[in-house]
Amino acid sequence: GNSVTQMEGPVTLSEEAFLTINCTYTATGYPSLFWYVQYPGEGLQLLLKATKADDKGSNKGFEATYRKETTSFHLEKGSVQVSDSAVYFCALRVGTSGSRLTFGEGTQLTVNP
Amino acid sequence: EPEVTQTPSHQVTQMGQEVILRCVPISNHLYFYWYRQILGQKVEFLVSFYNNEISEKSEIFDDQFSVERPDGSNFTLKIRSTKLEDSAMYFCASSEAETQYFGPGTRLLVL
């Protein structure tokens, strides 16, 4: 079956530090990959996505590259801000529009001033 | 910017009672979904809905659950007889094609 594994959390960083949140996946077929973010008290928001191998998704200074050879989609940001504090979810989708998302466990990021 | 809305934001119910969770998807979207997240666990898929019928459901979505699109705007999830283990955050989502947009969730507590 399909599954997503994220690095164990929580993660605590100082402002302007470099962020990496690891995500690896197992999938039948060729998945699309996503990172969603959940700010306190809010729903899941799409942060970025990549639909095929070697694609790089980017948004708000965050980046992730679809690595088929290592089945990974690690999230990175060069300089985090306090406002980046949230829970980050890696997810995959196999199949056509309307197919389910399969989520990782979520990683709580706290950025201190 | 259009968004998915959900009501209520919180619901407390007694075990065995029926609850209906409501969602208004983004207006031009064709695919609708329900997910849930039990506290401290992964977000789990429940069901997807397209063209007025269920297109996919998970093993969690048993006979206690049902979904309906009663009019052109609402999408509902009904739990017929709630159990303690149904306590979770329930998220509605909709999509036009690939990207799913999520609502803020309904926190359900079954006592």
Problem - Per-residue average of Cβ from other chains inside 10 Å of B:35-41 - result: 2
Practice task
With only Lys, Arg, Asp and Glu charged, each at its Cβ (+1 for the first two, -1 for the last two), find how big the charge dipole of segment A:64-113 is about the Cα centre; round to the nearest 20 debye.
Solution key: 220 debye
Problem - Phi-based couplings in Hz for segment A:52-65 (Karplus 6.51, -1.76, 1.60; Gly and Pro marked x) - result: 8, 3, 6, 5, 10, x, 8, 5, 6, x, 8, 9, 8, 10
Handout entry: Dipole moment magnitude, nearest 20 debye, segment A:1-108 about Cα centre, only Lys, Arg, Asp, Glu C-beta charged
Key = 480 debye
Handout entry: Karplus (6.51, -1.76, 1.60) ³J(HN,Hα), θ = phi - 60°, over segment B:92-98, in Hz, Gly and Pro reported as x
Key = 9, 9, 9, 8, 8, 9, 7
Practice task
Could you work out, residue by residue across A:94-107, how many beta carbons of other chains sit within 10 Å of that residue's beta carbon, and then give the average as an integer?
Solution key: 6
Completion exercise
FRET efficiency for A:GLN45 and A:THR71 from the Cβ-Cβ distance with R0 = 25 Å, rounded to 0.05, comes out at 0.50
Fill in the blank from the handout: Under the 7 Å Cα-to-Cβ spin-label approximation, B:ASN74 and A:PHE18 lie apart by a distance in nanometres of 5.3 nm
Exercise for the section: Using per-residue counts of other Cβ atoms within 10 Å, averaged over each peptide, order B:23-33, B:99-109 from highest down. Expected result: B:99-109, B:23-33
Handout entry: Within chain B: Cβ-based charge dipole about Cα centre, in debye rounded to nearest 20 (Lys, Arg +1; Asp, Glu -1)
Key = 340 debye
Problem - chain B - percent relative contact order, Cα under 8 Å, separation 6 or more - result: 39 percent
Fill in the blank from the handout: Sorted by chain and number, the residues with a modelled amide H under 5 Å from that of B:LEU109, at a separation of 5 or more or across chains, are B:GLN11, B:VAL12, B:THR13
Problem - Listed residue (A:VAL87, A:ASN112, B:PHE45) projecting farthest to the positive dipole end of the protein assembly as shown, Cβ model - result: B:PHE45
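Could you tell me which GluC sites (Glu not before Pro) in segment A:37-80 are loop residues by DSSP with no more than 15 other beta carbons within 10 angstrom of their beta carbon?
Within segment A:37-80, the qualifying GluC sites (Glu not before Pro) (loop, at most 15 other Cβ atoms within 10 Å) are A:GLU42, A:GLU69.
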Exercise for the section: Count the lysine pairs in the protein assembly as shown whose Cα atoms sit under 22 Å apart, keeping only pairs 8 or more residues apart in sequence or on different chains. Expected result: 16
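Where does the longest stretch of chain B lie that holds no GluC sites (Glu not before Pro) found in a DSSP loop with 16 or fewer other Cβ atoms within 10 Å?
B:19-58
Each value in this text was obtained by applying a stated rule to the coordinates, not by laboratory testing. Please read all numbers here as calculations on a predicted model, not as lab measurements. Heads up, the Cβs are rebuilt from the backbone with ideal geometry, glycines too, and the neighbour counts pull from every protein chain shown.
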